[in-house]
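Here the structure comes first, spelled out in structure tokens, and everything after it is commentary.
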Amino acid sequence: MAALLQVENLTKSYGYDPLFTGISFGLDEGDKVGLIAKNGTGKSTLLNLLAGVESPDGGTMIYRNNLRIGYLQQNPEFESAKTVLEVCLEGDDEASVAVRAYERSLTSGDAAAMTQAIQAVDNSHAWDYEARFKQILSQLKIDNFHQAVGELSGGQVKRVALAKILIDEPQFLILDEPTNHLDIDMIEWLESYLKRSTMTLLMVTHDRYFLDNICTKIMELDQQDIFCYDGSYNYYLEKRAERIEAQNAQVEKARNLLRTELEWMRRQPQARQHKAQYRIDAFYDLKERARGLREKGDVRLNMNSAYIGKKIFIAHQVSKAFGDKVILKDFEYTFARYEKLGIVGDNGVGKSTFIKLLLGEIPCDSGSFEIGKTVRFGYYSQEGMHFDEDKRVIDAVRDVAEYIYFDEKTQYTAAQFLNMFLFSNNEQQKLISKLSGGEKRRLFLAMVLMSKPNFLILDEPTNDLDISTLEILEDYLSKFKGCVIIVSHDRFFMDRTVDHTFVFTGDGVVKDFPGNYSEYRAWKDYHERLAAEQARATAKPKEKVQHNTRDNSNKLSFKERKEFEALTVEIEQLTDEKQQLDAIFASGEIITDMDYKSARYSELQSLLEEKEMRWLVLSEKE
């Protein structure tokens, strides 16, 4: 493969704190790379350096000539007065200018301007560009192209930024937490889009399904150095564990040797000046290496919740609407003890509103929630917690409690408690203003859990948290002796933590599915495929004949030719996926998600039949 980027001895520090020192790596054309690291270790900074937003303290970055780079920042910003259209099509190339003028003419009502704009789009062959522009925005649930960016929510702004980058089709795409603020349907669409794309990709994400389904390489930023793994996320986990085990074995060996050398250094201190200098130097080098024992990332929270009674909450015909938008309609439910519920649905259907109704933060229009007397809520909200930025991390916790008690036998100091959340002693002394966004979210999570709740409500807990923290939280929730409600778009997190799912479909409808998200998605795909098969079976034969006996004497139109080319690629990809499933089924190994794979296999057969039929129709015209 052709080299696209080579990084040599890259170094970056803030003040006296180095983020990374002398790191080197390369990217080849077509690589799809996931970058993994703890919050605060420099992931976003490294992306900023590669995109040219910041400058390194040392080292070189050599790019292929004329490389087009697209960069989605974690919190993108645009001029508030610009419209979505102006942001997405602000390029000065012929296609962007033509499509921008055409879209404006549609709303102006100026017939002359529209005629001129249509001619310009024709001349620049930009109709395909215009169709792609609208398709991508539509997939990302952006429908009002003429709305000012200043009127959009933070999540909508991020989606506009993502759409702009995908429309521009860069050769090298850099993504910082691309799944934040996307609902699950959008994440799955983006996952499919990036998987099919030939763009070189480097991304930071906490979504492990997203990583494993897209990435062919993993880079880990750790201990101010970078480690590269050629393989999927699961392969990385296996090899990383081996690396840490080997490193810890070397450190343990160094410690044993250090004891021997220490005895040698202590002998006859009055004659130390006569000792071999090389051995004295080696002693201090050995001392440094002996300090390097790694934490294996298996820190676990060991906290009991407060007692919770049998009565949790009962929803009595709860209704809520904002104008014509119905959130709940006569909703009734009795929440059971120790229940772990996941909530999914498109953005804006009312998931967070449901939580606020339960907590009493906003009133019901009618009906009520009856809460048990022993229930003690712990609420981790999307908005986060407002900290005093001038305080140190340890002081923010001590202001709440110097000691955290979880039962008669278990208590922690504030410092011990923060260590559980991967805040080292040095990090506890940092000002909160110096923390990264992910570190602040981790501190917020610690503050929620220290109150010893017995009913945890987590609203998008995975946004901005690193994978290490998510693994700790998942393990904690699996053993949590209380109730849990989780609103999340992270499929992996939901699969590991919930036992049934509320699906908010809009217009006040809430479906209760007895399983996790992947099980729900397999069930949904299966029933959608059945419905499609029934629809095809009941279609009139005459309509099918008419479809297949079109006049093929004409040549393919421009759009048909594009469709024909796309079908060729899609059929090849679907065939490859079907062959992969054939190999899995024939392997004889245990298949954990057999229902999902079986449903997907049937879906692939139907899709191939449909697309091959259309390909044949077009090929006859060709």
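The values are calculated or read from the model by the stated rules, or taken from the named source; none is laboratory data. All values derive from a computational prediction rather than experimental measurement. Note that each Cβ is placed from the backbone with ideal geometry, even for glycine, and that neighbours are counted across all protein chains shown. Accessible surface is based on the protein model in full, side chains and every heavy atom, while ligands, DNA and RNA are left aside. Shrake-Rupley method; radii C 1.70, N 1.55, O 1.52, S 1.80 Å.
Here is how the numbers come out for the structure above:
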{"quantity": "Selection within region 415-432 - of a type in the set (Lys, Arg) and touching a Phe, Trp or Tyr at 6+ places or on another chain (Cβ under 8 Å)", "calculated": "none"}
{"quantity": "Residues satisfying the stated conditions in region 85-111, i.e. of a type in the set (D, E, K, R) and in a helix (DSSP H, G or I)", "calculated": "GLU86, GLU94, ARG100, GLU103, ARG104"}
{"quantity": "Any chance ILE69 is over 24 Å from ILE167 (Cβ atoms) and not small (Gly, Ala, Ser)", "calculated": "no"}
{"quantity": "Pair list, Cβ < 8 Å and 6+ apart or interchain, from region 587-611 residues that are charged (D, E, K, R) to residues that are part of a helix (DSSP H, G or I) and at pLDDT below 65", "calculated": "LYS597/PHE585"}
{"quantity": "Residue pairs meeting the criteria (Cβ under 6 Å; at least 6 apart or on separate chains; first over 26 Å from ASP459 (Cα atoms), in region 421-444; second open to solvent by less than 20 Å² (accessible area, probe 1.4 Å))", "calculated": "LYS430/VAL393"}
{"quantity": "Complete set of residues in region 34-84 that are part of a strand (DSSP E or B), open to solvent by 50 Å² or more (accessible area, probe 1.4 Å), closer than 28 Å to LEU465 by Cβ and not aliphatic (A, V, I, L, M)", "calculated": "none"}
{"quantity": "Residue in region 571-604 that is farthest from TYR520 (Cα to Cα), counting only those that are modelled with pLDDT of 75 or more and open to solvent by 90 Å² or more (accessible area, probe 1.4 Å)", "calculated": "GLU572"}
{"quantity": "Flag if GLN139 is in contact (Cβ under 8 Å) with a residue 24 or more places away in the chain, under 14 Å from PHE78 (Cβ atoms) and of a type in the set (S, T, N, Q)", "calculated": "no"}
{"quantity": "Residue that is among the basic types (Lys, Arg) and in contact with a Ser or Thr (Cβ under 6 Å, 6 or more places away or on another chain), where the choices are LYS511, LYS481, LYS430", "calculated": "LYS481"}
{"quantity": "Helices (runs of 4 or more DSSP H) lying entirely in region 437-531 (those with 1 or more residues that are of a type outside the set (Val, Ile, Thr) and over 16 Å from TYR209 (Cβ atoms))", "calculated": "437-449, 467-479"}
{"quantity": "Positions within region 192-226 being in a strand (DSSP E or B) and farther than 26 Å from PRO170 by Cα, in sequence order", "calculated": "ASP222, ASP225"}
{"quantity": "Residue, nearest to GLY515 (Cα to Cα), within region 320-344, restricted to residues that are among the aromatic types (Phe, Trp, Tyr) and surrounded by fewer than 16 Cβ atoms within 10 Å (Cβ to Cβ)", "calculated": "TYR338"}
{"quantity": "Any pair with Cβ under 8 angstrom, 6 or more apart, that starts in region 1-25 at a residue that is within 19 Å of PHE172 (Cα to Cα) and outside any loop (DSSP other than H, G, I, E, B) and ends at one that is basic (Lys, Arg) and open to solvent by 50 Å² or more (accessible area, probe 1.4 Å)", "calculated": "ALA3/ARG64; LEU4/ARG64; LEU5/ARG64"}
{"quantity": "Of all residues making up region 204-230, the number that are at positive phi and at pLDDT 90 or above", "calculated": "0"}
{"quantity": "Per-region count, region 152-183, residues assigned to a helix (DSSP H, G or I) and either surrounded by fewer than 19 Cβ atoms within 10 Å (Cβ to Cβ) or among the charged types (D, E, K, R) (or both)", "calculated": "6"}
{"quantity": "Close pairs from region 331-360: first without any contact (Cβ under 8 Å) to a residue 40 or more places away in the chain, partner surrounded by fewer than 21 Cβ atoms within 10 Å (Cβ to Cβ) and assigned to a loop (DSSP other than H, G, I, E, B), Cβ under 6 Å, at least 6 apart", "calculated": "LYS356/ILE362; LEU357/CYS364"}
{"quantity": "Subset of region 175-215 that is over 17 Å from LEU470 (Cα atoms) and hydroxyl-bearing (Ser, Thr, Tyr) - its residue that is farthest from the chain's Cα centre (by Cα)", "calculated": "THR198"}
{"quantity": "Any hit, region 166-186, residues being free of Cβ contacts under 8 Å to residues at least 12 places away in the same chain and on the phi < 0 side of the Ramachandran plot", "calculated": "no"}
{"quantity": "Matching residues, region 510-522, being without any contact (Cβ under 8 Å) to a residue 24 or more places away in the chain and open to solvent by 60 Å² or more (accessible area, probe 1.4 Å)", "calculated": "LYS511, PRO514"}
{"quantity": "Test result for ALA117, among the hydrophobic types (A, V, I, L, M, F, W, C), open to solvent by less than 60 Å² (accessible area, probe 1.4 Å) and touching a Phe, Trp or Tyr at 6+ places or on another chain (Cβ under 8 Å)", "calculated": "yes"}
{"quantity": "Qualifying strands (runs of 3 or more DSSP E) (wholly inside region 346-429; at least 1 residues being at pLDDT below 90, open to solvent by less than 20 Å² (accessible area, probe 1.4 Å) and under 29 Å from GLY309 (Cα atoms))", "calculated": "403-405"}
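Listed here are the residues, each with its yes/no results for (1) modelled with pLDDT of 85 or more; (2) under 19 Å from ASP92 (Cα atoms); (3) in a loop (DSSP other than H, G, I, E, B).
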site: GLN116; (1), (2), (3): yes, yes, no
site: GLN119; (1), (2), (3): yes, yes, no
site: ASP122; (1), (2), (3): yes, yes, no
site: ALA131; (1), (2), (3): no, yes, no
site: LYS134; (1), (2), (3): no, yes, no
site: GLY150; (1), (2), (3): yes, no, no
